[in-house]
Structures are given as structure tokens and as C-alpha cells.
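The values are calculated or read from the model by the stated rules, or taken from the named source; none is laboratory data. Just so it is clear, the structure is predicted and the values come from calculations on it, not from any experiment. Ideal geometry is used to build each Cβ from the backbone, glycine not excepted, and the neighbour counts take in all protein chains shown.
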Protein chains: 2
Amino acid sequence: MDSQAVSAEQAPSTAERILDAAEDLFAEKGYSATSLGEVADRVGIRSPSLYNHFKNKEALYEAVLERLLADFSAPLSELEGGQVTNERIIFWLETIVRQHHANPNLARLLQHAALSGGPHTNALIDRLFRPMFEPRAEIEGQSISLFENTGLQPWAVMAFNNLVMSYVTMAPMYRDLLGQDPFSEEALEKQLALIKTLLKAVFEYKGS
Amino acid sequence: MDSQAVSAEQAPSTAERILDAAEDLFAEKGYSATSLGEVADRVGIRSPSLYNHFKNKEALYEAVLERLLADFSAPLSELEGGQVTNERIIFWLETIVRQHHANPNLARLLQHAALSGGPHTNALIDRLFRPMFEPRAEIEGQSISLFENTGLQPWAVMAFNNLVMSYVTMAPMYRDLLGQDPFSEEALEKQLALIKTLLKAVFEYKGS
């Protein structure tokens, strides 16, 4: 069955189709509520075929996390590759807002894991976010040093990460209050405008 | 069995104990993953006794939501009772940060419902947050009108709500990165300092 699925040149491999289905299900239901049988059903293969690719649920979950990490850590590596200015921080945050909007699965999966657990998730969090939590002597911009001087830098980093991720995990619930689909392009532009306004307000704030 | 549990004068009634256990379980696992059998087990009663108090899981969930709503809507009613100034907004947000820190169940339960569903939750969200989303001609403070002029007011309200709630739903995952227990008193003070700094930055921001 597996080999038949990989006939057309552009078609994803069976392993990729398993990863796609597993990512959606883990994001929807969390680690413990997802079964390998459901993943196989969604792919349209039998469970034994799935074991040819991933030895168990934990290995599949880890592979899903690794693939998401590769995608979602790229903008931070890009930011870290040059001097960290306020403009580049704004650009970086805009990039990850768009990325979470295009694929809400990472935020949902992490949120499930934070609420109900999931193996390897803390290690992922560490690899994904650690660079932001390291003190950076070379950071420019008065607001960043404002947070650093008060010991609030890690809390600010967490807050902005949460702000970006909780948009995709919570927004469905605000649909009626916002008066529009939070996943529309128009809604995305408003979220971006808000985040930029918050960042600029922080960058210009002199403290009190 | 029920009547024996309500012997001491200060002891909670069986119905209250059922609500306490159900609130914890719904917050831990979400609506669909929680069974009435587990709730009964945690209270230490048999399932048939539970049905004397709540006719089914949906009714129990709704009662849990109603009790949380009564607690968590009080600070907003208080705010709405007087003129909405920047100082009173800061005080209100500080109050709800402390409230979610003291009882993370509402945020966790809402987050589960946003990810995986739960009956009556959208109605709760509406009753809890609607007043904040209504346009308020009488609001003072330049930053609020900044958001209103750009149509971002609902997005700002959502963002600050999410910021407060995602602290308790996501923070466990940041424990190592923060270098301390996010539920300690010291951590709470840092979260409060951060939120106040963000609000003041927004209040003083003149736009660009």
C-alpha cells in the first residue's frame, strides 16, 4: 500500500503524509488523546504500514516536533545572523506572526503539551526559545535595556511569544467579539498592526 | 454517602465538592477527555450519587463555567462601575492577573475549549469579555483612543486578555528558561511588573 501512494512525482512520500496527518491530530487533540490508528486512518493506510516508518507514537511525535522546529526556528536564526536592531526585531516578529497564521499547528501542539503533557516538548521549547532568553550585551535599543535593567527581559520575551501563539490558539473563541474570522487576511493585518504598535510603544517607552 | 460528607459546619457541600473536582478535571484534560466516573472517583462518591446533583456532563460543565464566571467577572463589573481611567485599567488588570495566578482553572479550561471544543464556552466568553469589546465613548486616555482610531481596540483587548491567560496556560513550559517556578510569588510580581510596563508604554505611546 505504501509504495502505491508515492506514484506521482510531486506527491509527498508516505512518511511525509504520516507526518502531516500526525501533526494535524496532535495539534487538534494533544499527545495522549491521539492514537496511531487514527493517524493511519487519516492517511488511508493500515496501522502496520505506519510502523514501517515510525516505531511508536513517541517517535512519531518527536519527528513531528523536529519538522516544526526546523520551520519555526529559521526566522530566529536569521535574526541572530546579524545585528539585533529594533527594526529587525519588528521584522522578525512580523515573520513569525505570519508563520503561525499560515500553520497554527505548532502553537496548538505546544499549548496542548503545556496543558496536558507530551514527551520531548520541553526540549523543543528550550531549543526554539533559548537564544531569546540568553542575555545579549550587543542588543541595541533603549527599551530592551529597560527590560534588562529591571530583570524583566525573559518575561518580556515570554509575553511576546505568548501573544503571537495565543492568537492562533485562542482567537477562534473571539470570532464573534472581533466580528470577523481571526484567520482571514484582514484579521492577520490587524494582528500585525497591533503587535507592531505594542513593540514600538515598548521601544519608545522611557520608564516611569 | 452524600449526607455523611456534609457533617462539619465549614465543610463544603457534596455539590460544591463535585464542582471543585470537575473544575480541576475539565481544566486538566478538557471537556471531552473528562468522564463523570473520574469526577465521582475524585470526590470519593459513586457515580449514581453524582446524578443526584447534576443531570449529565454538560450540565456539570455549565455549572462549573457559571461559578468561574461569577468569580472572574467581578473585577470588570467593578471597573465598569466608575469612570474608566488609565489608573483604574492598570488596577483592574493587576487584579485579574492575581486572580488567574490564584486559580489557573478558568484560563486552562477556556484554552482546552478553544483547542478542542466544549459546550456553552462561547456563551461564557461572550458574557465575560463583551463589555470590553463594546465601544466606549467616555474612555479617557490617549492610548485607548489611539487603538480606537485605528480599529485595533478589540485586538488590543484580546491581546491583553491572552497575555494574562496564556501566562498560566503556557508558563509551565518556560520554567527552565525563566529560571524559576512561574507560580511563585516572586514570578507573579515580575509578571505584574511586565504587564504594568506594557500598559504604561501603550498609554504613553503617541503613534508614529
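Please specify each residue of the stretch A:85-104 satisfying the condition of being in contact (Cβ under 8 Å) with a residue 24 or more places away in the chain, part of a helix (DSSP H, G or I) and within 15 Å of the chain's Cα centre (by Cα).
Residues of the stretch A:85-104 that are in contact (Cβ under 8 Å) with a residue 24 or more places away in the chain, as a first pass: A:85-86, A:89-90, A:93-94, A:96-101, A:103-104.
From what's left, part of a helix (DSSP H, G or I): A:86, A:89-90, A:93-94, A:96-101.
Hits for the stretch A:85-104 are A:Leu93, A:Glu94, A:Ile96, A:Val97, A:Arg98, A:Gln99, A:His100, A:His101.
Do the conditions hold for B:His100, that is, is it within 14 Å of chain A (Cβ to nearest Cβ) and touching a Gly at 6+ places or on another chain (Cβ under 7 Å)? Don't jump to the end; show me each part of the working.
Details: within 14 Å of chain A (Cβ to nearest Cβ): yes; touching a Gly at 6+ places or on another chain (Cβ under 7 Å): no.
For B:His100, the condition - within 14 Å of chain A (Cβ to nearest Cβ) and touching a Gly at 6+ places or on another chain (Cβ under 7 Å) - is not met.
Within the stretch B:54-61, can one find any residue that is under 15 Å from B:His120 (Cα atoms), part of a helix (DSSP H, G or I), without any contact (Cβ under 8 Å) to a residue 12 or more places away in the chain and aliphatic (A, V, I, L, M)?
Here is the first cut: in the stretch B:54-61, the ones under 15 Å from B:His120 (Cα atoms) are B:56-61.
In the following step, the residues that additionally are part of a helix (DSSP H, G or I) were identified as B:57-61.
With the extra rule that they be without any contact (Cβ under 8 Å) to a residue 12 or more places away in the chain, the set shrinks to B:59.
Those still in the list that are aliphatic (A, V, I, L, M) too: B:59.
Looking for residues that are under 15 Å from B:His120 (Cα atoms), part of a helix (DSSP H, G or I), without any contact (Cβ under 8 Å) to a residue 12 or more places away in the chain and aliphatic (A, V, I, L, M), one finds at least one in the stretch B:54-61, hence yes.
Going through the stretch B:158-208 one residue at a time, which ones are at the interface with chain A (Cβ under 8 Å from one of its Cβ atoms), assigned to a loop (DSSP other than H, G, I, E, B) and of a type in the set (Ser, Thr, Tyr)?
Those that are at the interface with chain A (Cβ under 8 Å from one of its Cβ atoms), assigned to a loop (DSSP other than H, G, I, E, B) and of a type in the set (Ser, Thr, Tyr): B:Tyr205, B:Ser208.
For the subset of the stretch A:74-83 comprising residues that are farther than 17 Å from A:Tyr167 by Cβ and surrounded by 17 or more Cβ atoms within 10 Å (Cβ to Cβ), which member is farthest from the chain's Cα centre (by Cα)?
The first filter runs over the stretch A:74-83 and keeps only residues farther than 17 Å from A:Tyr167 by Cβ, leaving A:74, A:76-83.
The next check asks that each one be surrounded by 17 or more Cβ atoms within 10 Å (Cβ to Cβ); those that pass are A:76, A:79.
On the way: A:Leu76: 12, A:Leu79: 16 Å.
Among residues in the stretch A:74-83 that are farther than 17 Å from A:Tyr167 by Cβ and surrounded by 17 or more Cβ atoms within 10 Å (Cβ to Cβ), the one farthest from the chain's Cα centre (by Cα) is A:Leu79.
Take the residues in the stretch B:1-30 that are at pLDDT below 95 and within 24 Å of A:Ala113 (Cβ to Cβ), then tell me which one is surrounded by the most Cβ atoms within 10 Å (Cβ to Cβ).
B:Gly30
If B:Gly82 meets every condition in (1) in contact (Cβ under 8 Å) with a residue 12 or more places away in the chain; (2) of a type outside the set (A, V, I, L, M, F, W, C); (3) in a loop (DSSP other than H, G, I, E, B) apart from one, which number is that one?
Of the numbered conditions (1) in contact (Cβ under 8 Å) with a residue 12 or more places away in the chain; (2) of a type outside the set (A, V, I, L, M, F, W, C); (3) in a loop (DSSP other than H, G, I, E, B), the odd one out for B:Gly82 is (1).
Please find, among A:Asp176, A:Asp126, the residue that is touching a helix residue (DSSP H, G or I) at 6+ places or on another chain (Cβ under 9 Å), surrounded by fewer than 20 Cβ atoms within 10 Å (Cβ to Cβ) and modelled with pLDDT of 90 or more.
A:Asp126
Count, please, the residues in the stretch B:160-208 that happen to be acidic (Asp, Glu) and closer than 19 Å to A:Thr150 by Cβ. Reasoning before the result, please.
First pass over the stretch B:160-208, keeping only residues acidic (Asp, Glu): B:176, B:181, B:185-186, B:189, B:204.
In the following step, the residues that additionally are closer than 19 Å to A:Thr150 by Cβ were identified as B:185-186, B:189, B:204.
Number of matching residues: 4.
List the pairs whose first member sits in the stretch A:107-121 and is within 18 Å of A:Asn56 (Cα to Cα), whose second member is surrounded by fewer than 19 Cβ atoms within 10 Å (Cβ to Cβ) and at pLDDT 95 or above, and whose Cβ atoms are under 8 Å apart, counting only residues at least 6 apart or on separate chains?
Taking only residues 6 or more apart or on different chains, the pairs are A:Pro119/A:Glu58; A:Pro119/A:Glu62; A:His120/A:Glu58; A:His120/A:Glu62.
Any chance you could count how many residues in the stretch B:109-134 are in a helix (DSSP H, G or I) and within 20 Å of B:Leu76 (Cα to Cα)? Break it down stepwise before answering.
Residues of the stretch B:109-134 in a helix (DSSP H, G or I): B:109-116, B:121-133.
Imposing the further condition that a residue be within 20 Å of B:Leu76 (Cα to Cα) reduces the set to B:109-110, B:121-133.
Total satisfying the criteria: 15.
Report whether or not B:Glu38 is of a type in the set (D, E, K, R) and either in a loop (DSSP other than H, G, I, E, B) or at pLDDT 95 or above (or both). Even if it seems obvious, please write down each step before you answer.
On the way: of a type in the set (D, E, K, R): yes; either in a loop (DSSP other than H, G, I, E, B) or at pLDDT 95 or above (or both): yes.
Judged against the criteria, B:Glu38 is a match.
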